[in-house]
Amino acid sequence: MKFKVVEPLSIDESAEGGGALLTVNGRVTIDSSPVLRDRVHAILERKSIPVLTIDLSAVPYVDASGLATLVEALKIARSNKTTLRLRLHERPRYLLEVTGLLSFFESPRDVSANTVSKDT
C-alpha cells in the first residue's frame, strides 16, 4: 500500500502598504487549503485592513478546494470592506480563467498584470 506524501504549505505573513500580505508556497489542495483558510480568517477577523494580498506566485497547483478557499476569502473580504488581491502563478491563473472565477477577483486595471484584485 502506497501513501501519498503531502507537501507542507508554508504561509508567511507581513505588512504591505497599510494592508497585509500572505505569501504562500506549495500546492493548495484539499489537504492544505484548510491551513490557508484558517490564516485568511485569522487576518480578516482580528483587524480591519484596507487590502489583503495573497501571493500565490510560488503555488504551482490549486485544486477545487483551493478555489473554494479563495472564493470564501473574497466573500469575507468584501463583507469587511477589504480589497482582496491575488498574485498568481500561470497555472492557477489559467484555472481561475477557465472556471470563470478570475473575473470576480479582477478589476479592469489589473487585466494585463500578474496581480488580480476586486475592489469592494
Review point. Which stretch or stretches of the range 67-100 have amide N atoms under 12 Å from the point lying 7 Å from Asp12's Cα along the Cα→Cβ direction?
Key: none
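Place the peptides 67-77, 92-102 in order of packing, highest mean first, counting for every residue the other Cβ atoms within 10 Å and averaging per peptide.
So the peptides 67-77, 92-102, ranked by packing, come out 67-77, 92-102.
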Revision key, fill the gap. Cα-Cα pairs in the range 15-118 separated by more than 17 Å, as a whole percent of all pairs, come to 46 percent
Study note, to complete from the structure: Most exposed first, judged by fewest Cβ atoms within 10 angstrom, His89, His41 run His41, His89
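Every number in this text was worked out from the coordinates using simple rules, so none of it is lab data. Owing to the predicted nature of the structure, the values given are computational and were not obtained by experimental measurement. Please note: Cβ atoms are built from the backbone with ideal geometry, for glycine as well, and neighbour counts cover all protein chains shown.
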